[in-house]
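To start, the structure under review is shown below, and the notes come after it.
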Amino acid sequence: MDTFSKRKYIVAGIMLGIAAIFILRLFTIQITNKTYKQFATRNVLRKIITFPARGFIYDRHKEMMVYNKAAYDLWVVPREVKPFDTTELCRIIQIERQDFRNALNKAKQYSRFKPSIIVGQISPEINAPLQEKLYKYPGFFTQSRTLREYPSKSAAQVLGYVGEVNQQMIEKDKYYRSGDYIGVTGLEKAYEKELRGIKGVTKSMVDVHNRIKGKYNEGLEDTTAILGQNLLTGLDAEVQAYAELLMTNKRGAIVAIEPATGEILLMVSAPSYDPNLLVGRQRSTNYGTLVGDSVNKPMWNRAGIGTFPPGSTFKLVNALIALQEHAVSPFDRFSCSGQSSSPIKCTHSHVSPLAMREGIRESCNSYFWNLFRNVINHSSTSAEGYEVWRNHVMNFGFGQKVGVELSSEVKGNIPQVTYYDKYFGQKKWNAMTIRSLSIGQGEIEVTPLQLANMAATIANRGYYITPHLVKAIQDTNRVYRELEYEKKVTGINPEYFDIVIEGMQAVIDETRLSQSVHMDSIVVCGKTGTVQNPHGADHSAFVAFAPKNNPKIAIAVFIQNAGFGATYAAPIAGLIMEKYLNDSIPPRKKDLERRMIETDLMNVIQVKK
Amino acid sequence: MPNRNNVWANIDWITVSIYLAMMFIGWINIYAAVYNEEHKSIFDFSQQYGKQLIWIFAAIFIAVLMINTDSKFFVTFAIPIYVIIFVLLMLVPLIGTEINGAKSWIQIGNFLLQPSEFMKMATSLAIARYISSYNFKMHSYKSLLTLSAIILLPVGLIFLQNDTGSAIVFGVFLLVLYREGLNGIVLFFAFLIALVFILTMVVDSYITIWILSLTGFLVHFLIRRKSKKSLVAMGIFGSVYLIFWLINFLLQGTIDPLYFILTAAVVSSGIFYIYSLVLRKKNLAILIGIYLGSVLFSVSVDYVFHNIMEQHQRDRINELLGIQSDVHGAGYHVNQSKIAIGSGGFIGKGFLQGTQTKFDFVPEQSTDFIFCTVGEEWGFLGTTLVIGLFMGLLMRLIFLAERNRSKFSRVYGYCVATILFFHFAINIGMTIGLAPVIGIPLPFFSYGGSSLWSFTLLLFVFVRLDANRFEQLSY
């Protein structure tokens, strides 16, 4: 007799009830709720990035200016490390024991399973002995990476440098991840997208300790890295290095352009630095030193961001505007009373009166004052006359970024009518008020690059091609893709250039420059400038192009505190043109060359005479 | 009419089939859980899956051995078997080997045996023997005392050996006693105490009292079907709570909120207790008694846990309930386990295609968390199949137990069914976040010889007893 027999239903009911709850629960987590599937994928998926080699940078003769050299990072997986001879390892990789210990502890704190870099950027010379001994250090392994190498050690500010991305850059461009490298300045920055290539991604499955267990989705979603593209620049590495040599112990900038194409042949900013300093293990120390040098500012690219009044070199533009506006004819003569000239005295001694060719040759201030006044007064009001003048000046590329690839380039300054209206009051100013502009002084400010572009424009008789550093990009199939650059016309009738160029030839052939700049077989045209410096010794400026017909090079040289343009800027420009056009310096200029290299203008007393 | 003399003809082949199916599915899933490219063969005996195959054959051997044993043997030697294994259990601290912090294993050659696993079967035999004896009366003090001793002695011993998971399995014998006539109130209170205890430990006393109070109002409303009284009770409770809340607000939160709710609970239930005594409403008085008892129990558990216990004792309880044992913070393992099961979807990722279990995101994937592999690789279909197999086995066992005329066989059958059920409920409940993380294996699925053999022994003793159902009258 079993009175509790019915209780079997309750016991069975409890069991079936629990089972039903389980099935309901499983239904929700396995079918209704989709988030567990996402979590699962996130759990196992690790993206492993393969970095493509960064593109090379060539000069115009396809000489290597920037390439990659191998370096090695020493990694550690703390969990796999067994006791080892720390002293020996530190000796091989040339690092202090304490630094090594700190790095190892940091790696342990980060993760015992995930690899961390313990010593970065080991040179191949150190890597070779390390590889032989690495078997003795389980848990350590090396991985190669590439570093930039600059064989000619020149053009530092133009080429720029690469550095690790910061948080801002990562947020701006999703391509980058922490630890990636990016071009920070110069061409490295301007052509970052072409140079970097495209990272490859390998999706792997990993276990809970981040150990790789196999390919994800059979590797179907993997991508291979695509190499960076090479840049073919218009730079001439040899002449660039020569120009930098000439600028030893001087402050200033040199830009040379091939007039027909707008290709920048060289771009020097002095003082400079060896770009190799910003590579490798010493990078951060060197970077601090370079940035901290507030006197020499070696990281500055003065060619693109240094501005100054163009001085007498600007007289060429004024002459061309006057001719175009029929404000003067090439044969109009103006008299000069030398030091007693009014309103601008003329410091040059020469015959008087003189016409345009001689005016340019003698750089006569009185002549150009009269010429400028005629331009301004050619219109019914001074403001209108000024506006006409300003438009012409702007057409030469002044007062705006000329459009070189360097993002640091500045506009310079050609003041607007409103500036003078505000400063002097409307209609309260005239040619007399702004007379400094006639000789390239006053409010106007230009960059060495703009000045070189002016020389190129004159060489071209009226137009320029946007100055640029890179002429072609070599894609992954090794095919060069030529880049197109805009042609800009000044609006000055080409025939007016002849008389100005005659004057420029006279500057070289009929003054003392016939010794230092004149070439035996090539006709050189140029113009000096002495930029008044209220803070100390005057700056020395010079623009030129050669040969006179079918010019191959247009150049602007600007040297701070170097006095007359004819003293340093012109000879240096002459030597550079000689080097570029003839590939060698004739024996008669060897003395001059040595003097230019040896002259130290860094410590000229910075006080007004 | 089955042949009474041929035991093979009388054994329940449905039970045996489910048993074999479970072991096979378990083996396949162990292979998938710890699958290793370097050891691809499922017959590689250096790996868990290879070894499990050996354990399975050994288990089948044990099953055959049991079937060939005279069924009278188990009845006659029920108490000696209990005593021998109990003694073995006592010896464990002396001759045992420690694994994973629990010194509960005895090493014999290359084999590790866990006496606590076999204690379940031995205790089942002893309970069956005692309940089926002539002078047994469920509600006599002597009988209850003896039964308690049979069950609690091994529980205490196992608990002392740090194997808390195995110890609490013995609690499930309450269900067996219930079937044999124990008052249902005991079951209810045991359930209530366990619930309040776990709730207090896992959440805290404050929230537990809230839950108890709301449940109390709900139960009262359901019984009385009069919302008015329940609302009055709620009103009193709420206003006391609010008064305290305001005082606390004025004192800028210096009072522990546990005190407000405790006072609210005591004051409101005190008022209603007097009310029920005056109006002689017995049911209400009982309800209030249970409510107040639970509240006070929760508070004292909280107090004892935090103020009287030592840190190592607290750690033990936390570990048992899976509160602090997670290295990655609370719920990490359960979360990974749910991710594994949940990512399986309806039909699963396919055999050997699971990633969460294979790549160690789920801990103990071949033993305690083997159900994750089933969920990940075979999906909802696989998990319901496994649950279905368990329910099939358990229902079959209850059916078999009930058809036996022998009381010994019936009680033993219930013991088997409830032990398997408890493992099933805790193990699977743990993997899907419905039960605390208590490390006990899933019968016939989890990797390991000791547990497989002890479950086989447990089950086949009953299969043998059941095969004898026509000869045994009663005991």
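The values are calculated or read from the model by the stated rules, or taken from the named source; none is laboratory data. Fair warning: this is a prediction, and the values are worked out from it, not measured in the lab. Methodologically, a virtual Cβ is constructed for each residue, glycine included, from the backbone with ideal geometry; neighbour enumeration extends over all protein chains shown.
Listed here are the residues, each with its yes/no results for (1) crowded, with 19+ Cβ neighbours inside 10 Å; (2) out of contact with any Lys or Arg (no Cβ under 8 Å at 6 or more places or on another chain); (3) more than 8 Å from chain B (Cβ to nearest Cβ); (4) assigned to a helix (DSSP H, G or I).
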position	(1), (2), (3), (4)
A:V11	yes, no, no, yes
A:M15	yes, yes, no, yes
A:A19	yes, yes, no, yes
A:I23	no, yes, no, yes
A:F27	no, yes, no, yes
A:Q30	yes, yes, no, yes
A:Y36	yes, no, no, yes
A:R46	no, no, yes, no
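Taken together, A:S540, A:S584 contain a single residue that is in contact with a helix residue (DSSP H, G or I) (Cβ under 9 Å, 6 or more places away or on another chain), touching a residue at least 12 places away in the same chain (Cβ under 8 Å) and either part of a helix (DSSP H, G or I) or of a type in the set (S, T, Y) (or both), which is A:S540.
Among the residues making up the range A:418-427, those that are at pLDDT 90 or above and in contact with an Asp or Glu (Cβ under 9 Å, 6 or more places away or on another chain) are A:Y419, A:Y420. For the range B:208-245, residues that are at pLDDT below 85, under 13 Å from B:V295 (Cβ atoms) and in contact with a Leu (Cβ under 8 Å, 6 or more places away or on another chain) total 1. Residues in the range A:551-579 that are farther than 14 Å from A:L513 by Cβ and free of Cβ contacts under 8 Å to residues at least 60 places away in the same chain: A:G563 only. Taking the criterion of being buried (at least 24 other Cβ atoms within 10 Å of the Cβ) and assigned to a helix (DSSP H, G or I), the residues of the range B:428-450 that qualify are B:I428, B:T431. I'm trying to understand the selection: among the residues of the range A:181-214, which are more than 30 Å from B:I339 (Cβ to Cβ), part of a strand (DSSP E or B) and either β-branched (V, I, T) or modelled with pLDDT of 90 or more (or both)? Once the filter is applied, which keeps residues that are more than 30 Å from B:I339 (Cβ to Cβ), part of a strand (DSSP E or B) and either β-branched (V, I, T) or modelled with pLDDT of 90 or more (or both), the range A:181-214 yields A:I182, A:G183, A:I198. Of the residues making up the range B:139-169, those that are in contact with a Phe, Trp or Tyr (Cβ under 9 Å, 6 or more places away or on another chain) and of a type in the set (A, V, I, L, M, F, W, C) are B:L147, B:I150, B:I151, B:L152, B:L153, B:V155, B:L157, B:I158, B:A167, B:I168, B:V169. Please go through the range B:360-397 and pick out each residue that is facing another protein chain (nearest Cβ under 9 Å) and among the β-branched types (V, I, T). Within the range B:360-397, B:V362, B:T383, B:T384, B:I387 qualify.
The one condition from (1) part of a loop (DSSP other than H, G, I, E, B); (2) crowded, with 17+ Cβ neighbours inside 10 Å that A:N550 does not meet is (2). Taking each residue of the range B:268-293 that is more than 15 Å from B:V240 (Cβ to Cβ) and looking for partners that are aromatic (F, W, Y) with beta-carbon atoms closer than 8 Å, six or more apart or interchain, yields B:K281/B:Y275; B:L284/B:F272; B:L284/B:Y275; B:A285/B:Y273; B:I288/B:F272; B:I288/B:Y273; B:G289/B:Y273.
Here B:F346 qualifies as at pLDDT 90 or above, in a loop (DSSP other than H, G, I, E, B) and within 11 Å of another protein chain (Cβ to nearest Cβ). Selection of the range B:227-255 for residues being surrounded by 11 or more Cβ atoms within 10 Å (Cβ to Cβ) and outside any helix (DSSP H, G or I) yields only B:I255. Residues that are surrounded by fewer than 21 Cβ atoms within 10 Å (Cβ to Cβ), within 12 Å of another protein chain (Cβ to nearest Cβ), in a helix (DSSP H, G or I) and small (G, A, S) do not occur anywhere in the range B:398-420.
For the range A:430-450, filtering for residues that are in a helix (DSSP H, G or I) and not hydroxyl-bearing (S, T, Y) leaves 6.
Looking at the range B:43-93 only, could you name the residues that are charged (D, E, K, R) and in contact (Cβ under 8 Å) with a residue 60 or more places away in the chain?
In the first step, residues of the range B:43-93 are kept if they are charged (D, E, K, R); the result is B:44, B:51, B:70, B:72.
Result: B:K51, single match.
Taking the conditions exactly as written (of a type outside the set (D, E, K, R), away from every other protein chain (no Cβ under 12 Å) and not in a helix (DSSP H, G or I)), does B:S148 satisfy them or not? Taking the combined requirement at face value, the residue does not satisfy it. Could you tell me which residue of the range A:110-127 is farthest from the chain's Cα centre (by Cα), considering only residues that are under 9 Å from A:V76 (Cα atoms) and part of a loop (DSSP other than H, G, I, E, B)? Among residues in the range A:110-127 that are under 9 Å from A:V76 (Cα atoms) and part of a loop (DSSP other than H, G, I, E, B), the one farthest from the chain's Cα centre (by Cα) is A:K114. I'd like the full set of residues that are more than 15 Å from B:I261 (Cβ to Cβ) and in contact (Cβ under 8 Å) with a residue 24 or more places away in the chain, limited to the range B:298-313. Scanning the range B:298-313 gives B:V301, B:F305. Of the residues making up the range B:277-291, those that are surrounded by fewer than 19 Cβ atoms within 10 Å (Cβ to Cβ) and assigned to a helix (DSSP H, G or I) are B:L277, B:V278, B:K282, B:N283, B:A285, B:I286, B:G289, B:I290.
Going by the structure shown, is B:A63 closer than 28 Å to B:T357 by Cα and small (G, A, S)? So B:A63 fails the test.
Which residues, counting only those in the range A:284-326, are among the polar types (S, T, N, Q) and either out of contact with any Ser or Thr (no Cβ under 6 Å at 6 or more places or on another chain) or part of a helix (DSSP H, G or I) (or both)? Break it down into steps so the answer makes sense when it comes.
Restricting attention to the range A:284-326, the residues satisfying the condition of being among the polar types (S, T, N, Q) are A:284-286, A:289, A:294, A:296, A:301, A:307, A:312-313, A:318, A:324.
Within the range A:284-326, A:S284, A:T285, A:N286, A:T289, A:S294, A:N296, A:S312, A:T313, A:N318, A:Q324 qualify.
Condition test on B:G354, is it crowded, with 24+ Cβ neighbours inside 10 Å, more than 19 Å from B:A425 (Cβ to Cβ), at pLDDT 85 or above and within 11 Å of another protein chain (Cβ to nearest Cβ)? Show your work before the answer.
Values: crowded, with 24+ Cβ neighbours inside 10 Å: yes; more than 19 Å from B:A425 (Cβ to Cβ): yes; at pLDDT 85 or above: no; within 11 Å of another protein chain (Cβ to nearest Cβ): yes.
The answer is no for B:G354.
Test of understanding: among B:T215, B:T164, B:T208, B:T200, which residue is free of Cβ contacts under 8 Å to residues at least 60 places away in the same chain and among the polar types (S, T, N, Q)? So that I can check it myself, show each step before the final result.
Details: B:T164 fails: free of Cβ contacts under 8 Å to residues at least 60 places away in the same chain; B:T208 fails: free of Cβ contacts under 8 Å to residues at least 60 places away in the same chain; B:T200 fails: free of Cβ contacts under 8 Å to residues at least 60 places away in the same chain.
Answer to the check: B:T215.
Can you tell me how many residues in the range B:136-159 are in contact (Cβ under 8 Å) with a residue 40 or more places away in the chain and of a type in the set (A, V, I, L, M, F, W, C)?
Here is the first cut: in the range B:136-159, the residues in contact (Cβ under 8 Å) with a residue 40 or more places away in the chain are B:138-139, B:150, B:153-154, B:157-158.
So of that shortlist, the ones also of a type in the set (A, V, I, L, M, F, W, C) come out as B:138, B:150, B:153, B:157-158.
Total satisfying the criteria: 5.
For the range A:37-77, a residue qualifies if it is under 30 Å from A:P138 (Cα atoms) and of a type in the set (D, E), and exactly one does: A:D73.
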